[in-house]
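Working notes for the structure below.
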Amino acid sequence: MEVIQWPDSRLLQIANLIDVSVTPPEEIEEKIEAMKLVLSEETHGVGLAATQVGWMRRAFVMVHLDGECTSYKSFLNPEIVKQYGDTSLDWEGCLSAKKAAQLQVRRFETVDLRWEDLVCGELVSREETFSGLNARIIQHEVDHLDGKMYFHRVPANVRNSMLKKAYPPVSTRLSSGPSKEEIMLKRGKRKNRSR
Ligand SMILES: [Zn+2]
């Protein structure tokens with residue numbers, strides 16, 4: 001299971017709801033376990049959405065911070081029912097944008113989240129209030145399921161200058177083409193060969 005990298009267009013797609021009549025519960029559990037492994041062992045990240053590993057379904061896993069206790073939690077069909085309280089700016093990066101710089105993203109302090117858990121092969125609805133870093137991670141991951149990256153949450157000029165540096169546009173790379181030196185070198189080599 002590999003983490004998809006920007007600018008893969010799958011990162012801009014809206015994920016579909018998980019339905020046990022379409023995806024068997026065992027398969028859902030397998031995917032979730034694999035995602036937890038990617039998060040905990042391979043990337044040491046704090047959150048990973050299904051779309052980031054090419055599974056276009058509404059699910060994410062995250063490190064759940066509860067005092068000193070750290071565990072990995074999964075959320076199927078998550079939905080932010082309400083977001084409220086103050087907003088705050090904090091630095092965010094993304095496992096799917098390794099080359100990109102971290103940016104300060106404004107997020108709500110508290111979210112009420114509704115999601116589903118698999119219990120004996122059935123999806124069971126849950127609801128809980130999260131705040132602080134947990135709420136920030138949830139907002140970042142739910143954004144992924146709606147085809148949004150963290151840099152879509154910052155002003156366009158900030159986003160564009162960061163992306164230009166990290167991911168030079170293809171058109172720029174193509175239009176600049178090989179340099180005069182490169183062309184001369186090739187021509188020279190050809191000439192040498194023909195002699
Ligand atoms: Zn991300």
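Things to note:
- Among (1) in contact with a Phe, Trp or Tyr (Cβ under 7 Å, 6 or more places away or on another chain); (2) within 16 Å of the ligand (Cβ to nearest atom) - the single one GLY85 does not satisfy: (2)
- Test for LYS99: is it exposed (fewer than 13 other Cβ atoms within 10 Å of the Cβ) and either part of a strand (DSSP E or B) or of a type in the set (Ser, Thr, Tyr) (or both): no
- Hits in the stretch 10-35 (condition: within 19 Å of GLU141 (Cα to Cα) and either at pLDDT below 95 or assigned to a loop (DSSP other than H, G, I, E, B) (or both)): GLN13, ILE14, ALA15, LEU17, ILE18
- Filter result (under 18 Å from ALA97 (Cβ atoms) and more than 9 Å from the ligand (Cβ to nearest atom)) within the stretch 44-60: HIS44, VAL46, ALA50, THR51, VAL53, GLY54, PHE60
- Test: residue in the stretch 133-152 that is within 15 Å of the ligand (Cβ to nearest atom), touching a residue at least 60 places away in the same chain (Cβ under 8 Å), in contact with a Ser or Thr (Cβ under 7 Å, 6 or more places away or on another chain) and closer than 19 Å to ALA50 by Cβ: yes
- Search result, residues across the stretch 35-62 that are buried (at least 24 other Cβ atoms within 10 Å of the Cβ) and either among the aromatic types (Phe, Trp, Tyr) or out of contact with any strand residue (DSSP E or B) (no Cβ under 6 Å at 6 or more places or on another chain) (or both): THR51, GLN52, PHE60
The values are calculated or read from the model by the stated rules, or taken from the named source; none is laboratory data. Please read these numbers as outputs of a predicted model, since none were measured by experiment. Neighbour counts are summed over all protein chains in view; Cβ atoms, including those assigned to glycine, are modelled from backbone coordinates with ideal geometry.
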